[in-house]
1. Any idea which residue in the stretch 105-122 is farthest from Lys20 (Cα to Cα), counting only those that are touching a helix residue (DSSP H, G or I) at 6+ places or on another chain (Cβ under 9 Å) and open to solvent by 60 Å² or more (accessible area, probe 1.4 Å)?
2. When you look at Gly44, is it under 20 Å from Phe131 (Cα atoms) and small (Gly, Ala, Ser), yes or no?
3. Determine which member of the set Cys69, Cys7, Cys55 is in contact with a Gly (Cβ under 8 Å, 6 or more places away or on another chain) and at positive phi.
4. With the requirement that a residue be open to solvent by less than 20 Å² (accessible area, probe 1.4 Å) and not in a loop (DSSP other than H, G, I, E, B), what does the stretch 26-41 give you?
5. What do you reckon, is Gly23 open to solvent by 20 Å² or more (accessible area, probe 1.4 Å), assigned to a loop (DSSP other than H, G, I, E, B), more than 9 Å from the ligand (Cβ to nearest atom) and closer than 19 Å to Arg141 by Cα?
6. Among the residues in the stretch 89-104, are any within 15 Å of Leu144 (Cβ to Cβ), touching a helix residue (DSSP H, G or I) at 6+ places or on another chain (Cβ under 8 Å) and among the hydrophobic types (A, V, I, L, M, F, W, C)?
Amino acid sequence: MRLATLCFLTRRGRILLMRKKCGIGAGKYTGPGGKIEPGESPRGAAAREVLEEVCVKVLPEDLELMGVCKFHFGRKHFMEVFVFKGTKFSGKPSETEEADPRWFPLRDIPYTEMWEDGRYWLPLLLAGKRFGGTFKFDPSRERLVSHRLRILPSSPSGGRRNP
Ligand code: 6OG
């Protein structure tokens, strides 16, 4: 099992996505994110990935945990992803070796160019709803086979406590 993060920054009716240039999912639009390193908190890992992938600075404590997605790829592979959102950050998104960032209007999110699961949970995140989901893909990761998604009660801390 692998632990990873995804982060979605929004400002003035727009969302920051990036076209991934390498690795799994290359060519797709997604939020910045990646594997959590040993000793790192999910929040700390999310902030590090935002800086590394799109050169935007965000403080870990300014990120709000909105959901956890479990991805199954065939029977064997499994990933658990902590999904954050944030509105407070600094710096101009710029291209790196890993990613090409771009702002999209919230009304025009390119779901057909994203992982298939995003169309189910990203609208919840944007509506301020917390969620937990399980998504089963075929082993090639191309086709979503089944999914389960639950809206969770919102926490009094606004998701700012651990992790
Ligand atoms: P690696 O490149 O280290 O992945 N990620 C997925 N995101 C979505 N929405 N759906 C998937 O599967 C994903 N598989 C991976 C999570 C780490 C980064 O890629 C995201 C991490 O940000 C259908 O394997």
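1. Step by step, filter the stretch 105-122, then rank; the result is Leu106.
2. no
3. From the options Cys69, Cys7, Cys55, the qualifying one is Cys55.
4. The answer is Tyr29, Thr30.
5. For Gly23, the condition - open to solvent by 20 Å² or more (accessible area, probe 1.4 Å), assigned to a loop (DSSP other than H, G, I, E, B), more than 9 Å from the ligand (Cβ to nearest atom) and closer than 19 Å to Arg141 by Cα - is not met.
6. No; the residues of the stretch 89-104 include none that is within 15 Å of Leu144 (Cβ to Cβ), touching a helix residue (DSSP H, G or I) at 6+ places or on another chain (Cβ under 8 Å) and among the hydrophobic types (A, V, I, L, M, F, W, C).
Residue-by-condition table, conditions (1) within 20 Å of Gly25 (Cα to Cα); (2) of a type outside the set (Ser, Thr, Tyr):
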| residue | (1), (2) |
| --- | --- |
| Glu80 | yes, yes |
| Ser94 | yes, no |
| Ile109 | yes, yes |
| Asp117 | yes, yes |
| Phe135 | yes, yes |
| Ile151 | no, yes |
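The values are calculated or read from the model by the stated rules, or taken from the named source; none is laboratory data. Because the structure is predicted, anything quoted here is derived from the model rather than measured. Methodologically, a virtual Cβ is constructed for each residue, glycine included, from the backbone with ideal geometry; neighbour enumeration extends over all protein chains shown. With ligands, DNA and RNA removed, areas are computed over all heavy atoms of the protein, side chains included. Shrake-Rupley method; radii C 1.70, N 1.55, O 1.52, S 1.80 Å.
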